[in-house]
1. Show the residue pairs meeting these rules: Cβ distance below 6 Å; 6+ apart or different chains; first residue within the stretch B:124-139 and over 12 Å from B:Tyr355 (Cα atoms); second residue of a type in the set (A, V, I, L, M).
2. Among (1) open to solvent by 30 Å² or more (accessible area, probe 1.4 Å); (2) more than 8 Å from chain A (Cβ to nearest Cβ); (3) free of Cβ contacts under 8 Å to residues at least 40 places away in the same chain, where does B:Ile335 come up short?
3. Of B:Glu121, B:Glu142, which residue is at pLDDT 95 or above and either of a type outside the set (S, T, N, Q) or buried (at least 19 other Cβ atoms within 10 Å of the Cβ) (or both)?
4. Would you call A:Pro224 of a type outside the set (A, V, I, L, M), within 17 Å of the chain's Cα centre (by Cα) and closer than 30 Å to A:Ile70 by Cβ?
5. With respect to A:Leu71, is the statement that it is more than 30 Å from the chain's Cα centre (by Cα), more than 10 Å from every other protein chain (Cβ to nearest Cβ) and without any contact (Cβ under 8 Å) to a residue 24 or more places away in the chain true?
6. Among the residues of the stretch B:338-352, write down those that are within 11 Å of another protein chain (Cβ to nearest Cβ) and open to solvent by less than 60 Å² (accessible area, probe 1.4 Å).
7. Taking the options B:Phe192, B:Phe185, name whichever one is of a type in the set (Phe, Trp, Tyr), more than 14 Å from chain A (Cβ to nearest Cβ), farther than 20 Å from B:Glu142 by Cβ and crowded, with 20+ Cβ neighbours inside 10 Å.
8. Please give the number of the condition A:Ser230 fails out of (1) surrounded by 21 or more Cβ atoms within 10 Å (Cβ to Cβ); (2) over 18 Å from the mean Cα position of the chain (by Cα); (3) under 22 Å from A:Lys127 (Cβ atoms).
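The values are calculated or read from the model by the stated rules, or taken from the named source; none is laboratory data. Only a predicted model underlies this, so the values are computations on that prediction, with no experimental measurement involved. In this analysis, Cβ positions are derived from the backbone assuming ideal geometry, glycine residues included, and neighbour counts consider all displayed protein chains. Areas reflect the complete protein model, heavy atoms only, side chains present, ligands, DNA and RNA absent. Shrake-Rupley method; radii C 1.70, N 1.55, O 1.52, S 1.80 Å.
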Number of protein chains: 2
Amino acid sequence: MSTCEANCVSNNHCEGNEAETFKEDVADAEIREAEKILNAFLCYGLYGREMACRTMLSFKKLSSSHKDIILQSHNDHMRNVLKCVNHNQEILKKIISYGLSVFGEEFATKTRRIRQKRRPEPHYMSKILSTLRQIVREWTVEGKPERDATYKPILDFVRERYSCASERSSVKLMVPGSGLGRLAFELAKEGFTVEGNEYSMVMLMTSSFLLNACFEVEQHVIYPYALDKSNSWSYEDQTRPVRFPDLGKSRTEAPPNFSMIAGDFLEITQSRSSQFDCVVTAWFIDTAKNVIDYIETIYRILKPGGTWINVGPLTYHYEDMIEEMSIELPYEEVIRIVRLTGFVVEKEERITSYYTINRLSMLQNQYTCAFFVANKSMHC
Amino acid sequence: MSTCEANCVSNNHCEGNEAETFKEDVADAEIREAEKILNAFLCYGLYGREMACRTMLSFKKLSSSHKDIILQSHNDHMRNVLKCVNHNQEILKKIISYGLSVFGEEFATKTRRIRQKRRPEPHYMSKILSTLRQIVREWTVEGKPERDATYKPILDFVRERYSCASERSSVKLMVPGSGLGRLAFELAKEGFTVEGNEYSMVMLMTSSFLLNACFEVEQHVIYPYALDKSNSWSYEDQTRPVRFPDLGKSRTEAPPNFSMIAGDFLEITQSRSSQFDCVVTAWFIDTAKNVIDYIETIYRILKPGGTWINVGPLTYHYEDMIEEMSIELPYEEVIRIVRLTGFVVEKEERITSYYTINRLSMLQNQYTCAFFVANKSMHC
């Protein structure tokens, strides 16, 4: 249904042997990174069982009268949690056993060979945990309100802007930061020629599994909240199943107009310009170390007269990473620079939405997103 | 206006010399803890300047064309941020110079003597940062919607339950986890005899300053969002002032019916029973390592026929502290144990509220709180 191209290797320019060595170093670094990610995928079960163990150790410290009070419900719950964790682990194994193939067989073999199961760094485990929630957001009935809040204004806009459905296959759209692929997929279903782009290997493998290996409606089950302990109304809420995907995808009628490119947005667009009629960025621009680079790149890759549609907050991803450069501009600065770059801003709105919430939790992160549409001049 | 009693010393039972040594150890531990807190209060300015420095270092790494784009607004903003940080530091100094006195002159002198300004642990600095937001929540006009959401149902309930205003001074209320004292203060203003209780020394010093040293409406200014960088609409939003307190308090007409007890809720109630007509817990029960201890203690300290009013989520404070015991029960278990302990549950509702949000940020933490009223049997 979609073609995934492994395009992670940096495009930096070097010459001769130096270039070869550089490429090998980069490839090795990628395999080491992939190995850490695979390791985290495979260690989820271990992590979950350790979490459950901690809960049970606290239980042991209770007085016997307190133990008696919660004994039965607590034991039943812990048994359920462990079942959920084991099941989630099986799904994660399915994801990597399918998803790894998108990086090529040689890469997959090399990565598998050097794997040793060991405790993953918290950073990598948190990616796995958030992937379970991202599946809910993008590919389940539960996630529909979240998706509708910010995808619907985009879909409404492009439907109106490119109103002749039969001409849409000649309209080239790019979706940087396409995550698990749902928005790019929806745009392709509308008839556009869509290029998704994603940097995270965890997201790429999972999206490949979702797009290319999940066909039946509610074919699979995950328990995304099994390890949540705070802010619950009931034990049942914590261990409830969520089924995915919410829609079936025909195995035979794959739209030829949908591709996914792996790699850093700035790198994969380095030598491209005036290629797209429309760039759609949803929950993306705050992944930048320097958002001005993103704005200028989007301007360059758009055809003259092309349109940029953006929706999302400004939760800058590198803000807390002390060793990284990070420029955190407020919205007023972002939109000033959008205009300064040459865009004419056509529309500005504020949209309220949640993001990867557990809808039955007492705590929900609510975002007010900036939605804007900006056009590149016809003459440039 | 309020009397604060330093009652942090553990009530554990020891005898003779052993008891003396133990008391000294505990006292020393408290002074060391106090010294760390004072240090964090005094190092806020340094912390803020370091944060600003990191932003400026990232700015330096920009290309000269990107520097040119944001130079003026960026420089103006950084100047404002530094002004805000310096001003906040002055307020924090005022808080400790007043607040420390509540622990007694000897304690204050001893603590001051051993202080050396040095980099505080992140844990302590985060307490200072959250205190600025807590001031907004409890003692400003901006915080009113947050307070109203969960304080108003409590105030409405007690006004109706104890409808004869002239008899309220004989009604004894306890407010565990009273934070910066606003809810306890509001209940005292209604005429009840109120005992607030708070464990955190940061909260105790700040509440003492707010209750006993702030008299005029909007006497002081803080800039609680000066160091926020993500999710802003404008630089102006980040450096906007918030004035406190939102109400004036007469210096002469101090209500005699309001006291604050410092210390751990379980410790300060250890030898008490059947003392209160009403216990009000707002955003408190999830501070427990074992919430069953809290439920049983509240039952014990209530008079027969007494009432427990609770509102808040279940964001268990010790959930992420690996070295601590933590029992995280969902609401259905909490309310089952409330009944099992002997309470008759009179009312159960769900209330939506925010907590210490920056109302102009793109991101807001929204809580669905459990609100319940439970009564101790008349015959026990």
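1. These pairs meet every condition: B:Tyr124/B:Ala40; B:Met125/B:Ala40; B:Lys127/B:Val202; B:Ile128/B:Ala40; B:Thr131/B:Val202; B:Leu132/B:Ile222; B:Trp139/B:Leu210.
2. (1)
3. Criteria check complete, one pass: B:Glu142.
4. yes
5. yes
6. Selection gives B:Thr341, B:Ile351.
7. The unique qualifying residue is B:Phe192.
8. The number of the failed condition is (1).
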